[in-house]
Amino acid sequence: MIDQSFSPQNIEAVFDAENKRGTNIEKLFESTFSASLALTAEMKDIRKRIKYATNVSARNELIDTLNSRKVLREEVLNDIFEQISINIKSYTPSVGVKIIKSMTCYTLGVSVESYFYSKILQQNLRDTYKVKQQSRYHILKSIIHFVSDNFPKIVIRTDIKKFYESIPQPQLLEKLDTDHLITINTKRGIKRILNSFNSTLTDNSELGLPRGIGISAYLSEIYMKSIDSEIKKIDDLVYYARYVDDIIAIFTPNSGKKTDINHYIENIREIVQNNSGNHLELHSEKTASYDLQNDISPIVAISIDSTTSPVTNNINYKKAINYLGYVIGFKRVTENVDDKKKDTYTSFVDISDHKVLEYKNKIKIVFEHYNKKKGHNPSRSLKLLKSRLAYLVNNTRLSNNKSNVYVGLYYSYPFVSSEAQLKKIDNSLNYYISRTGLSSAEKEILKQFSFKDYYKKKELIKHSFGNKRYYQYNANRADIHNKKNYGVLKFGIKEITSIWK
């Protein structure tokens with residue numbers, strides 16, 4: 001069995017892993033890591049002096065000093081990890097409530113002890129249960145492949161109502177006990193968090209997991225394993241995926257077999273309810289089925305008739321399969337061929353209406369914030385407005401992120417094959433540009449930020465977390481002529497995204 005304790009070694013492992021992912025733990029907890037941060041700053045200064053040192057003896061002396069500081073920093077960090085480990089032994093988790101976008105979420109606080117306490121528990125669950133959430137990218141790739149072929153099928157899309165809030169704790173804890181995979185220490189940590197969470201509930205029902213706390217995602221996946229396994233045994237099932245609470249299942253009934261779609265839905269519903277003691281249930285209003293056994297007409301959401309003049313376009317994305325921020329369906333194009341109407345069908349993928357509304361709302365907030373701030377500092381406000389629009393239309397990787405995970409318009413929606421929704425977002429952007437008190441030249445510059453055009457470019461902008469000023473590399477700031485050289489301000493992720501939280 002792996003070491004699941006809150007030892008200095010495990011704290012160091014979490015420290016290294018999070019730093020590799022781009023989280024600067026020392027900056028996050030500056031008071032705890034003040035000594036190591038001071039040494040890091042000193043080492044940075046020494047490296048700079050080594051770079052410009054011309055005297056060989058002086059340079060070698062600086063290198064020796066740098067190496068000694070590296071050793072000292074490791075010793076300082078080890079002492080800090082040791083102290084955190086000692087503190088965690090007397091740490092009692094206290095779950096707090098916070099509201100994020102009208103949703104009740106929970107937190108363990110902001111102390112360094114709560115951070116490593118939660119991370120080590122997550123690591124223990126992940127490593128012992130081999131918990132790995134299905135990849136959103138691979139789920140969507142598979143669904144698009146299945147939907148696009150002409151094979152007869154039935155697609156069911158649903159989700160679990162109040163997923164985190166409905167998982168029964170006694171049943172979950174019993175599973176952890178009978179599996180014998182995690183240590184008493186880990187189980188005690190989980191129970192302490194759940195007990196603190198239960199104290200925030202009015203009914204103290206021991207029902208649900210605290211949304212927003214790291215271990216909840218792992219515990220929910222562990223709980224759902226048996227339910228997922230049972231659903232995969234349903235007759236005629238060829239594909240099943242669940243992304244947190246969102247479920248999609250594809251069935252291919254035997255040829256000639258009369259199939260009742262509701263039979264498949266009820267099978268899934270019964271498995272979810274029976275295996276959870278009736279605590280989990282499917283969300284009826286978000287359950288949709290698509291009978292594609294005979295033809296694809298139920299998901300033909302785009303119709304283009306080129307036999308009329310002008311060409312008639314009809315788009316109804318409510319008919320398409322809506323899943324994980326996408327709509328997936330077919331486009332029908334009607335043309336005259338040898339004086340006869342001929343229909344051709346091609347599959348398409350686009351951004352869902354819900355996600356389009358989210359982009360429109362972000363654009364609205366950008367301009368509202370600009371209008372509030374422009375009177376105080378017009379130049380800075382306009383630069384920030386441009387930076388925020390550039391952030392929305394482009395793709396981003398944080399400058400301290402070493403995991404190579406990109407976010408942004410293209411990387412969030414890499415499967416889009418239709419421009420319809422991107423054009424809608426552009427129309428909204430142009431609406432706000434035209435109604436903002438800017439000069440004609442400034443409006444023309446802003447109109448270059450096109451979601452449709454930038455999606456095709458797939459450009460990547462590297463952002464730092466905080467704002468930074470970039471000075472001319474050869475500027476001598478001590479020179480009297482450079483007293484007013486304030487450099488070029490580049491806004492960081494923190495300020496750019498602050499208005500959308």
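The values are calculated or read from the model by the stated rules, or taken from the named source; none is laboratory data. Note that the coordinates shown come from a computational prediction; the quantities given were computed from them, not determined experimentally. Reconstructed Cβ throughout: ideal geometry from the backbone, glycine too, with neighbour counts over all protein chains shown. Accessible surface is based on the protein model in full, side chains and every heavy atom, while ligands, DNA and RNA are left aside. Shrake-Rupley method; radii C 1.70, N 1.55, O 1.52, S 1.80 Å.
Can you compute the modelled spin-label distance between Asn361 and Ser90, with each label point 7 Å from Cα toward Cβ, in nm?
Distance between label points: 4.5 nm.
Identify the GluC sites (Glu not before Pro) of segment 164-270 meeting these criteria: DSSP loop state and at most 16 other C-beta atoms within 10 Å of the C-beta. The partial results should precede the final answer.
Values: sites: Glu165, Glu174, Glu206, Glu221, Glu230, Glu266, Glu270; in loops: Glu206.
Filter output for segment 164-270: Glu206.
Per residue, how much accessible area does the chain have with a 1.4 Å probe, in Å²? Present the calculation step by step, with values, prior to reporting the outcome.
Details: 27620 Å² over 501 residues.
For the chain, the per-residue accessible area is 55 Å².
Which net charge results when you count Lys and Arg as +1 and Asp and Glu as -1 among the other residues whose beta-carbon is under 15 Å from that of Asn316? Spell out each step's value before the answer.
Working: positive: Lys318, Lys319, Lys331, Arg332, Lys424; negative: Asp305, Asp350, Asp353.
Net local charge, Asn316 excluded: +2.
Select from Leu389, Ile351, Val300 the residue farthest towards the positive end of the dipole of segment 289-395; place +1 on Cβ of Lys and Arg, -1 on Cβ of Asp and Glu, and compute about the Cα centre.
Comparing the listed Cα positions along the dipole, Leu389 ranks first.
Assuming a ≥ b ≥ c are the square roots of the Cα gyration tensor eigenvalues, decide whether segment 16-66 counts as rounded (a/c under 1.5), prolate (otherwise, with a/b larger than b/c) or oblate.
Details: a/c = 3.63, a/b = 2.45, b/c = 1.48.
Prolate, because a/c is 1.5 or more and a/b exceeds b/c.
Which trypsin sites (Lys or Arg not before Pro) in segment 242-326 sit in a loop by DSSP (not H, G, I, E or B) and have at most 12 other Cβ atoms within 10 Å of their own Cβ? Walk me through the numbers before you get to the answer.
Working: sites: Arg242, Lys257, Lys258, Arg269, Lys286, Lys318, Lys319; in loops: Lys257, Lys258, Lys318, Lys319.
Counting only loop positions with at most 12 other Cβ atoms within 10 Å, the trypsin sites (Lys or Arg not before Pro) in segment 242-326 are Lys257, Lys258, Lys318.
Could you tell me whether segment 122-211 comes out rounded, prolate or oblate from its Cα gyration tensor? Rule is a ≥ b ≥ c as square roots of the eigenvalues, rounded for a/c under 1.5, then prolate if a/b exceeds b/c, otherwise oblate.
Details: a/c = 3.12, a/b = 1.86, b/c = 1.68.
Because a/c hits 1.5 or more and a/b exceeds b/c, segment 122-211 counts as prolate.
What does the charge dipole of segment 178-331 about its Cα centre add up to, to the nearest 20 debye, if the Cβ of each Lys and Arg holds +1 and the Cβ of each Asp and Glu holds -1?
Working: 16 positive and 18 negative charges, 99 e Å.
It works out to roughly 480 debye.
Once the piece of chain linking Gln448 and Lys342 is laid out straight, how much longer is it, given 0.36 nm per residue of separation minus the C-alpha distance between them? Intermediate values should be presented prior to the final figure.
On the way: separation 106, 0.36 × 106 = 38.16 nm, distance 3.85 nm.
Length gained, Gln448 through Lys342: 34.3 nm.
Which length gain, in nm to one decimal place, applies between Ser226 and Asn371 when the Cα-Cα distance is subtracted from 0.36 nm times their residue separation? Don't skip to the answer; put the middle values down first.
Values: separation 145, 0.36 × 145 = 52.20 nm, distance 5.32 nm.
Here the segment from Ser226 to Asn371 would lengthen by 46.9 nm.
Is there a pair in Lys386/Lys468; Lys161/Lys286; Lys20/Lys490 whose C-alpha atoms are over 20 Å apart, and which pairs would that be?
On the way: Lys386/Lys468 16 Å; Lys161/Lys286 9 Å; Lys20/Lys490 24 Å.
Going by Cα-Cα distance, Lys20/Lys490 fall outside the 20 Å limit.
When only C-alpha pairs under 8 Å and at least 6 residues apart count, what is the relative contact order of segment 206-326, in percent?
Numbers: 89 pairs, mean separation 17.4, N = 121.
The value is 14 percent.
Counting only pairs 8 or more places apart or on different chains, how many lysine pairs in segment 26-119 have C-alpha atoms closer than 26 Å?
13
Leaving out ligands, DNA and RNA, and with a 1.4 Å probe, what % of the accessible surface on the chain is carbon or sulfur? Intermediate results must be reported in sequence, preceding the final value.
Details: 13410 of 27620 Å².
In the chain, the share of accessible area belonging to carbon and sulfur is 49 percent.
For the chain, what is the percent of antiparallel DSSP beta bridges, rounded to the nearest 5? List each step's numbers first, then the result.
On the way: 48 of 57 bridges.
Expressed as a percentage, antiparallel bridges in the chain total about 85.
For the chain, what does the alpha-carbon gyration tensor say about shape, rounded, prolate or oblate, given a ≥ b ≥ c as the root eigenvalues, a/c under 1.5 as rounded, and a/b over b/c as prolate? Don't skip to the answer; put the middle values down first.
Working: a/c = 2.27, a/b = 1.21, b/c = 1.88.
Oblate, since a/c reaches 1.5 and b/c is not below a/b.
Let's test this: bin the Cα-Cα distances of segment 15-128 at 5 Å from zero up to the farthest pair and state each bin's percent.
Result returned by the calculation: 2, 9, 15, 17, 16, 12, 9, 7, 5, 4, 2, 1, 0.
What do you get for GluC sites (Glu not before Pro) in segment 75-121 restricted to DSSP loop and a cutoff of at most 13 other Cβ within 10 Å of the site's Cβ?
Values: sites: Glu75, Glu82, Glu113; in loops: none.
Those that pass, being in a loop and sparsely packed, number zero.
Starting from the 7 Å offset along Cα-to-Cβ, what nm value, one decimal, do you get for the label separation of Asn254 and Leu173?
The answer from the label model is 4.7 nm.
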